[in-house]
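Here, each number is a calculation from the coordinates, and none is a lab measurement. As the structure is a computational prediction, the values presented were derived from the model and not from experiment. Positions of Cβ are backbone-derived with ideal geometry, glycine not excepted, and every protein chain shown enters the neighbour counts.
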Amino acid sequence: MGKHAGRKKRYLVAAIIATIAISVALYNAQQSDSYKNSKIWNFDSQENILDASIHTGSPGQTWVIKSDELAPSRPNVLAKVSGDESSTYHIKILPVGEAASSSKSSVKFKIIPGQNEQTAGLLIRFQDSSHYFVLAADALNNRFSLCRAESDRIICTQDVNINVTTNVWHTITAQVSKQGIAGYLDDKLLIQRYDHHYISGQVGVWAKGNSEAYFDDLKIDY
C-alpha cells in the first residue's frame with residue numbers, strides 16, 4: 001500500500017507540475033511578440049471561399065458554402081452536409097501561409113441534430129490528413145475532447161463531460177505553444193495538455209462521420 005500510495009503521489013505531483021508549465025508557456029506565448037499576424041475566414045467573400053484546400057473522408061459527404069440568417073457573421077457559413085453513415089473523419093483546411101508553433105485560434109460552430117454522429121471540431125497543428133490535433137465537441141455524448149490523429153486512427157488523450165447543445169452557436173478556442181495545448185469551449189478552459197507531437201501546423205475545421213455542422217468566423221492569431 002505504501003509503495004502504491006507513493007507512486008500515486010508522484011504521478012499527481014508530476015501532473016500538477018506539467019499543468020503549471022503549460023500554463024506558463026501559453027501565457028508567455030500570448031504576451032510575447034509571437035502573435036504578429038491575424039487572419040479570419042467568415043465565408044462571406046469570394047476570397048475567403050477560394051482560400052481553402054479540401055480533404056474529405058468520402059464522396060458522399062461534402063462541404064458547401066450556404067446562407068444562414070442566424071450566422072454570427074451573416075450571410076454565409078461553411079457547412080458540413082450529412083451524407084452516408086461511415087465513421088470516417090471529414091476535414092477542411094484553411095492554410096495560414098506558414099506553419100505556426102505558437103498561436104491562438106477559434107471557430108464558431110453549430111451542430112445540426114438528427115444524425116447518428118453529432119461531432120464537430122477545430123483542427124490545430126495540422127500536418128496532413130493523417131497527422132493533426134482536433135478539439136472536438138460531441139453533442140450526443142456531451143463531451144469535449146482533445147484528440148490526435150496518427151495514420152488511420154484517432155486517439156483522444158483528454159475528455160471533459162460538458163453539455164453541448166445542438167442548434168446553438170458555440171465557440172471552440174485553442175491556445176497553442178511548443179509545450180502544449182489549451183482548449184476552451186465557450187471561453188471556459190477545459191483542457192490543458194503537454195504534447196510535443198507535430199509542434200506546428202495549419203488550422204481548419206473537422207466533423208465526424210455523417211455529422212452535419214455549420215462553421216463561421218474561423219480565426220487565427222500567430
Which of Trp41, Trp63 has the fewest Cβ neighbours within 10 Å, and the rest in rising order:
Trp63, Trp41
Any idea how far apart Asp159 and Tyr35 come out in nm if each label point goes 7 Å out from Cα toward Cβ?
3.1
Scan around Leu218 for amide H atoms under 5 Å from its own, H built in the peptide plane at 1.01 Å from N, and keep only partners 5 or more places away or cross-chain.
Trp41, Lys108
Ser130/Lys178 FRET efficiency (R0 30 Å; Cβ-Cβ; nearest 0.05):
0.85
Going by C-beta contacts inside 10 Å, put Asp187, Asp216, Asp221 in order with the fewest on the left.
Asp187, Asp221, Asp216
Spelling it out for Ala100: with amide H atoms placed in the peptide plane at 1.01 Å from N, the residues 5 or more places away or on another chain with amide H under 5 Å from its amide H are Gly201
In what order do Ser101, Ser145 fall by count of nearby beta-carbon atoms within 10 Å, going from fewest to most?
Ser101, Ser145
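Rounded to the nearest 0.05, what FRET efficiency do Asn142 and Asp68 have when you use their Cβ-Cβ distance and R0 = 30 Å?
After rounding, the FRET efficiency stands at 0.80.
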Under 18 Å between alpha carbons - lysine pairs in region 89-198 that sit 8 or more apart or on different chains:
6
